[in-house]
Structures are given as structure tokens and as C-alpha cells.
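Comments concern the structure below.
The values are calculated or read from the model by the stated rules, or taken from the named source; none is laboratory data. Being a predicted model, the structure only gives us computed values, none of them experimental. Heads up, the Cβs are rebuilt from the backbone with ideal geometry, glycines too, and the neighbour counts pull from every protein chain shown.
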Amino acid sequence: ESDTAMYRAKGAGRNQIAFFEGAMQAEVEQRLILERDLSRALDLCELRMVMQAQVDQDGTPVGAELLMRWTKTNGEFVSPALFIPLAEETGLILKLGDWVLHQACEIVNQLRSHGWMFPVSVNVSPKQFRQQDFVEKVRDILSAHHLSGKEFVFEVTEGLFISDMQETIARMNALAALGIRFSIDDFGTGYSSLFYLKRLPLYELKIDKSFVQDVPGDANDVAIVRMILSMAKHLGLRVVAEGVETKEQATYLIENSCDCMQGFLFSKPASFQDWLGKQGPAC
Ligand code: C2E
Ligand code: MG
Ligand code: MG
Ligand code: MG
């Protein structure tokens with residue numbers, strides 16, 4: 001009897017394995033298609049940059065983050081949460097990253113011509129940052145657009161600090177010498193070592209939206225947000241809370257002297273033209 005039961009279990013197991021193999025194969029195929037399409041996206045002009053305001057406690061824009069958008073020629077929208085990690089894994093991010101930097105320069109020049117003087121934040125992925133010639137590349141792109149590094153904040157994630165710390169610090173310092181400021185994106189979700197905070201040339205911390213989402217209701221998130229705010233204050237760093245969606249969140253953040261907020265409550269990511277339409281010229 002136990003033999004029969006075992007036989008049955010094995011049979012069921014085999015079916016399950018076949019099922020998982022099928023699902024995995026479909027996933028692999030989808031990934032390959034996405035990878036192929038992404039490698040053509042730039043040439044097909046399927047990519048564009050949008051910007052999202054970062055506002056101070058009065059709601060005045062004091063910064064803007066640039067975010068990539070990919071709409072395939074067939075109309076299909078692909079989320080950056082899906083294609084950015086893929087671009088990072090395949091190395092395509094290097095080509096995309098160069099393009100983003102050029103776009104960022106053009107947007108800064110457009111903003112300036114409409115009187116907006118705030119710095120523009122650009123996401124820089126770890127692989128992009130680790131390029132041996134990254135500093136020279138940035139310097140060349142800036143000078144091609146007649147811009148100083150002072151116009152930019154580079155958002156990097158904690159993943160950058162897992163390895164090659166000496167090299168990372170040296171490169172950050174070289175970029176800081178061009179005027180570029182650094183922000184730690186999604187702060188608190190990655191490898192958080194308090195040690196690196198005092199060794200790096202930092203300007204800003206961005207509180208990840210997963211912590212912002214449940215304030216002021218969730219006691220744990222409240223504790224984390226307050227801890228980040230007080231630590232940043234002592235270290236002399238600016239703080240941006242990301243993913244601010246409700247008045248309650250904003251009120252809580254302002255009461256706890258958070259400098260700057262970004263989220264759907266204030267504005268959704270939009271093209272420069274739409275942004276200008278909504279905000280108007282600065283002067
Ligand atoms: P991130 O840098 O942390 O960007 C913030 C994300 O939060 C963006 O998602 C933005 O659209 C979203 N967001 C803004 N306000 C709210 C809000 O109130 N509620 C919610 N739920 N979400 C909000 P997005 O645009 O989908 O980008 C996802 C991630 O993809 C980014 O996270 C960033 O890591 C990466 N990414 C986007 N553009 C670029 C790029 O040009 N280069 C690189 N290397 N990475 C990029
Ligand atoms: Mg970011
Ligand atoms: Mg972020
Ligand atoms: Mg995030």
C-alpha cells in the first residue's frame with residue numbers, strides 16, 4: 001500500500017516538474033524577447049525621459065528627478081521596474097545611461113531657458129557608475145552641452161557600496177570635483193552601513209517610498225522615517241521623501257522637518273512640455 005502511495009506521489013511530482021519547466025521556459029522566452037526589443041528601443045526612438053518635481057515644504061519645486069519611459073512602437077508600455085534591471089544585467093544600461101545623460105543636459109538647458117534654476121536628479125545604475133571611463137565620459141558630455149556638474153544630482157543605490165569601496169569613493173570624489181552632488185536612492189532598503197555614510201561625499205538621502213507609504217499609521221515606519229531624518233540632520237544631509245501620495249504623509253513629514261518631498265500628491269512624472277504647461281515659467 002505504501003508503495004502505491006509513493007508511486008502516486010512520484011507521478012504527481014513529475015507532473016508538477018513538467019508544469020514548472022513549462023512556466024520557466026515561457027519566462028525565459030519572454031525575457032529574451034524583452035532583451036531583444038530593448039536593444040533596439042533607442043534606435044526606434046521608443047524611449048523618452050519624464051520628470052517629476054521635488055518640492056519644498058511650501059510646495060515650490062526645488063528639484064526634479066528624470067525617469068526613463070519605454071513605449072514600444074506597437075503601443076505596449078514597459079515599466080522601468082522591469083526593463084531597468086534587465087538593462088543592468090545585460091549591460092545595455094551603458095548605452096541607455098549615456099543617452100540619459102545627454103537627455104538630462106538638454107532638459108537642464110530647457111529648464112534654464114524658462115527660468116528654472118534647480119538641479120536635476122539623474123538615476124545612475126551601479127554598472128554605469130563602475131565603467132572605468134565614467135568620469136571622463138561625464139566630463140565630455142557636460143562640456144558638449146556647456147554645462148557644469150553643479151546642475152546635477154546623481155542618484156545611486158546602496159548596492160554600489162557593496163564592493164570596490166576605495167574605487168567608488170575615488171570616483172565619487174572625482175565627480176564631486178566637477179560639481180556633481182550625490183543622493184542615496186531608496187535609502188534603507190539595501191545594504192545599509194552607517195560606516196559609508198561618513199566616508200562618501202554625499203548631499204542627500206531619499207527615503208524609500210515603502211517607508212513613506214504607511215506613515216503616520218504604522219509605528220515601525222514612523223520610527224524608521226524619524227531615525228533617517230534625525231541621522232541626516234546630524235550628518236548635514238538633505239532628505240527627500242519619495243512616493244508621497246497623501247496629505248497625511250506630507251503633514252507628518254513637514255512636522256518632522258523633512259526638507260523635500262516627491263510623489264503623486266504634488267505631481268506625476270511628466271514630459272518637460274507637460275511640466276512647463278502645468279508649472280509655467282519660473283520668471
Ligand atoms: P526610483 O529612482 O526610486 O524612482 C522613483 C519611482 O517612484 C519612479 O518609478 C516614480 O515614477 C515612482 N513614484 C513617484 N512618485 C510616486 C508615488 O507617489 N507613488 C508611487 N507608488 N510611486 C511613485 P519608475 O519611474 O517606475 O522607475 C522605477 C525605477 O526604475 C526607479 O526607481 C529607478 O531605480 C529606475 N529608473 C527609472 N529611470 C531610470 C534611468 O533613467 N536610469 C536608471 N539607471 N534607472 C532608472
Ligand atoms: Mg531615483
Ligand atoms: Mg527612489
Ligand atoms: Mg524607489
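Can you find a residue that is within 24 Å of V120 (Cβ to Cβ), within 16 Å of ligand 1 (Cβ to nearest atom) and either aliphatic (A, V, I, L, M) or at pLDDT below 95 (or both) anywhere in the stretch 213-227?
No.
Mind checking whether some residue in the stretch 196-211 is without any contact (Cβ under 8 Å) to a residue 24 or more places away in the chain and away from ligand 4 (no atom under 15 Å from the Cβ)?
no
May I ask you to verify whether K268 is under 24 Å from T157 (Cβ atoms), surrounded by fewer than 19 Cβ atoms within 10 Å (Cβ to Cβ) and within 16 Å of ligand 2 (Cβ to nearest atom)?
Spelling it out, K268 is indeed under 24 Å from T157 (Cβ atoms), surrounded by fewer than 19 Cβ atoms within 10 Å (Cβ to Cβ) and within 16 Å of ligand 2 (Cβ to nearest atom).
For residues that are closer than 14 Å to A104 by Cα, out of contact with any Gly (no Cβ under 9 Å at 6 or more places or on another chain) and part of a loop (DSSP other than H, G, I, E, B), tally how many sit in the stretch 118-175.
3
Would you mind finding the one in I107, I180, I141 that is of a type in the set (V, I, T), surrounded by 15 or more Cβ atoms within 10 Å (Cβ to Cβ), farther than 24 Å from Q262 by Cβ and touching a helix residue (DSSP H, G or I) at 6+ places or on another chain (Cβ under 7 Å)? Quick ask: steps written out before the conclusion?
Working: I107 fails: farther than 24 Å from Q262 by Cβ; I180 fails: farther than 24 Å from Q262 by Cβ.
None of the other options fit; the residue is I141.
Based on what the data block shows, is G190 within 15 Å of ligand 2 (Cβ to nearest atom) and either surrounded by fewer than 19 Cβ atoms within 10 Å (Cβ to Cβ) or under 25 Å from Q52 (Cα atoms) (or both)?
Spelling it out, G190 is indeed within 15 Å of ligand 2 (Cβ to nearest atom) and either surrounded by fewer than 19 Cβ atoms within 10 Å (Cβ to Cβ) or under 25 Å from Q52 (Cα atoms) (or both).
What is the number of the single condition among (1) touching a residue at least 40 places away in the same chain (Cβ under 8 Å); (2) of a type in the set (S, T, N, Q); (3) more than 19 Å from V124 (Cβ to Cβ) that Q262 does not meet?
Q262 satisfies all of (1) touching a residue at least 40 places away in the same chain (Cβ under 8 Å); (2) of a type in the set (S, T, N, Q); (3) more than 19 Å from V124 (Cβ to Cβ) except (3).
Quick one: count up the residues across the stretch 193-212 that are buried (at least 16 other Cβ atoms within 10 Å of the Cβ) and either acidic (D, E) or modelled with pLDDT of 95 or more (or both).
10
Can you find a residue in the stretch 203-211 that is assigned to a strand (DSSP E or B) and away from ligand 1 (no atom under 11 Å from the Cβ)?
Within the stretch 203-211, one or more residues are assigned to a strand (DSSP E or B) and away from ligand 1 (no atom under 11 Å from the Cβ).
Considering only the stretch 245-254, I want to know if a residue exists there that is crowded, with 20+ Cβ neighbours inside 10 Å and within 16 Å of ligand 3 (Cβ to nearest atom).
Checked the stretch 245-254: at least one residue is crowded, with 20+ Cβ neighbours inside 10 Å and within 16 Å of ligand 3 (Cβ to nearest atom).
Are any residues in the stretch 35-78 away from ligand 1 (no atom under 15 Å from the Cβ) and not in a loop (DSSP other than H, G, I, E, B), and if so, which ones?
E35, R36, D37, S39, R40, V62
Cβ-Cβ distance below 6 Å, separation of 6 or more or different chains: which pairs start in the stretch 106-123 with a residue that is without any contact (Cβ under 8 Å) to a residue 12 or more places away in the chain and end on one that is part of a helix (DSSP H, G or I) and aliphatic (A, V, I, L, M)?
As it stands, the answer is none, since no pair meets every condition given.
Residues that are over 19 Å from E158 (Cα atoms) and loosely packed, with under 15 Cβ neighbours inside 10 Å: does the stretch 120-128 have at least one?
No, because not a single residue in the stretch 120-128 is over 19 Å from E158 (Cα atoms) and loosely packed, with under 15 Cβ neighbours inside 10 Å.
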